[in-house]
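J.: Got a structure for you, written out below as structure tokens; questions coming shortly.
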Amino acid sequence: MSREKVYNFSAGPSVLPESALLKAQQELMDYKSCGMSVMEMSHRSKMFQDIFDGTKAKLKSALRVPDTHEILFLQGGATLQFAAIPMNLMVTGEASYAVTGNFSSLAAKEAEKYGRVFYACDTSDRGHSYIPAQEGIAVSPDSDYFYYCANNTIYGTEWQYIPETGKTLVCDMSSDILSRPVDVSKFGLIYAGAQKNMAPAGLTVVIIDKALAGKAMPITPNVMDYDVLIKKDSMLNTPPCWCIYMLGNTLDWLESIGGVKAMEGLKRERAGLVYDFLDESELFTAHAEKGSRSDMNITFRTGNEELDAEFVKEATARGMLNLKGHRIAGGMRASLYNAMPLEGVKTLVEFMKKFEAEHRCIK
Ligand SMILES: *Cc1c(COP(=O)(O)O)cnc(C)c1O
């Protein structure tokens, strides 16, 4: 199956902008006539430093990161940050965590190794199908920070508001960063694994209020100490050079089509097509409750596991790949990241309609 015939709905690693990949292809063997690939360059070379600084400047501009905050390009995935955050920020030893899905639950459990975790909410009572309202969040008064995950990749819910907690806000934006404008100044720390919406796997972006650095627990490894990493400009050790280069290419594409504001319009349009159909469908139901639905990862099912499997199989044969839901959630999941063309979503909805017409009576 060739690239032209495929729509990749993977939750991550996932679809990247074609122009970003083509630029990488053109520059793969000989970057700007320097005689080598970006993959082969010293991270201390002037050539790479320019790539690094360029990507950082583009990200700063795309998200309007204020001068109070520093951008770090790290390794270890989002998962390493589950530990780095408490090690650096649990200064008095307690933090509040909103558990609205799998990754926030994992983050909270990891934080329990380093201090007291207060559970601000837990949406597992309804299968993580919703995001609590502001009134539904409790925050312990002694918290050093309030932690939440903006978009729940597995269950398909997304926070539609920034919680007001009176505490330093820490947010996992792995699966919706760069999909809408965000007021970075409201956050103490934002982080995201790059492989969902930005670049290949291997890069984690951390955006941190510099005032929060310098208070890490003494046991904190240097590679996880934000203060050390800020002072070394992410180059305490070798950074994920290729991924940083690729993020630069993605950001060029993002800017060329109107930045995060345009992305927000596009994401609503893409997701709207699928949810509108799901709401009128007699075969499929959306997992997430209205008002909490993710525009990035749409979770749905027929209610019949065999039929779900048949749907995934037939979609795959038609070039719509990776629609199987995460193993802990079941059903189907269509991930509609920034680089997913509208045409891909229209093709999916057309297929869902056809499948429904053929299988309605079976259910
Ligand atoms: C994928 C994902 C993670 C885990 O990312 P890794 O880079 O694999 O550690 C964490 N949080 C969210 C929201 C995710 O989507």
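The values are calculated or read from the model by the stated rules, or taken from the named source; none is laboratory data. Just so you know, these numbers come straight off a predicted model, no measurement behind them. When we count neighbours, we look across all protein chains shown, and the Cβ atoms used for this are built from the backbone with ideal geometry, even at glycine. Side chains included, ligands, DNA and RNA excluded: accessible areas come from the protein's heavy atoms. Shrake-Rupley method; radii C 1.70, N 1.55, O 1.52, S 1.80 Å.
J.: Return a single number: how many Lys pairs in region 8-121, at a sequence separation of 8 or more or on separate chains, have alpha-carbon atoms below 23 angstrom apart.
T.: 11
J.: Name the residue, out of Ile257, Ile230, Ile219, whose mean-square fluctuation peaks in a Gaussian network model built on the chain with Cα pairs under 10 Å.
T.: Judging by the Gaussian network model, the answer is Ile219.
J.: Oh, and also: Taking 8 Å as the Cα distance limit and 6 or more residues as the minimum spacing, I'd like the relative contact order of the chain as a percentage. Walk me through the numbers before you get to the answer.
T.: Values: 688 pairs, mean separation 85.5, N = 363.
Once normalised by length, the contact order is 24 percent.
J.: May I have the extent of the alpha carbons of the chain along their three principal axes, as whole Å values ordered from largest to smallest?
T.: Principal-axis extents of the Cα atoms in the chain, largest first: 63, 57, 30 Å.
J.: Let me check something: with ligands and nucleic acids excluded, how do Lys56, Lys354, Lys313 order by accessible area (1.4 Å probe), largest to smallest? Can you show the working numbers first?
T.: On the way: Lys56 40, Lys354 90, Lys313 140 Å².
Ranked from most to least accessible, the order is Lys313, Lys354, Lys56.
J.: Round to a whole number: what % of the accessible area of the chain belongs to carbon and sulfur, probe 1.4 Å?
T.: 52
J.: Put +1 on the Cβ of every Lys and Arg and -1 on every Asp and Glu Cβ in the chain; which of Gln75, Ala95, Leu28 then has its Cα farthest towards the positive end of the dipole?
T.: Of the candidates, Leu28 comes out farthest on the positive side.
J.: Check region 119-268 and count each lysine pair with an alpha-carbon distance under 18 angstrom, considering only pairs eight or more places apart or from different chains.
T.: 9
J.: Quick check on packing: order 75-84, 342-351, 98-107 by the mean number of other C-beta atoms within 10 Å, highest mean leading.
T.: Values: 75-84: 19.7, 342-351: 16.2, 98-107: 22.4.
Sorting 75-84, 342-351, 98-107 by mean packing, highest first, produces 98-107, 75-84, 342-351.
J.: Going through region 89-173, which GluC sites (Glu not before Pro) have at most 16 other Cβ atoms within 10 Å and a DSSP loop state?
T.: Filter output for region 89-173: Glu112, Glu164.
J.: Determine the dipole magnitude for the chain: charges of +1 sit on the beta-carbon of Lys and Arg, -1 on that of Asp and Glu, nothing else is charged, the reference point is the Cα centre, and the result goes in debye to the nearest 20.
T.: 500
J.: Under the 0.36 nm per residue contour assumption, what length would be gained going from the current alpha-carbon distance of Thr92 and Thr238 to full extension?
T.: Full-extension gain reported as 49.3 nm.
J.: Follow-up. Which value, in debye to the nearest 20, describes the size of the charge dipole of region 96-191 about its Cα centre when Lys and Arg Cβ atoms bear +1, Asp and Glu Cβ atoms bear -1, and nothing else is charged?
T.: That gives a dipole near 100 debye.
J.: Ok, one more. Round to a whole angstrom and tell me the spacing of the C-alpha centers of region 244-280 and region 102-165.
T.: Centre-to-centre distance over Cα atoms comes out at 25 Å.
J.: For region 232-313, with only Lys/Arg (+1) and Asp/Glu (-1) charged at the beta-carbon, what is the dipole magnitude about the Cα centre, in debye rounded to 20?
T.: 420
J.: What full-extension length gain, to one decimal in nm, is calculated for Glu280 and Arg268 as 0.36 nm per residue of separation minus the Cα-Cα distance?
T.: Working: separation 12, 0.36 × 12 = 4.32 nm, distance 1.79 nm.
Going from the current span to full extension adds 2.5 nm.
J.: Could you order Ser2, Ser234 by accessible surface area, starting with the largest, using a probe radius of 1.4 Å?
T.: Values: Ser2 50, Ser234 5 Å².
Ranked list, largest accessible area first: Ser2, Ser234.
J.: Taking 56 Å as R0, compute the FRET efficiency from the Cβ-Cβ separation of Asn222 and Ala309 and round it to 0.05.
T.: Computed FRET efficiency for Asn222 and Ala309: 0.75.
J.: Ser185 to Cys34: extension gain in nm, 0.36 nm per residue of separation minus the Cα-Cα distance?
T.: Difference between extended and current length: 50.5 nm.
J.: Would you mind working out the accessible area per residue for the chain, using a 1.4 Å probe, and quoting it in Å²?
T.: Per-residue accessible area for the chain comes out at 43 Å².
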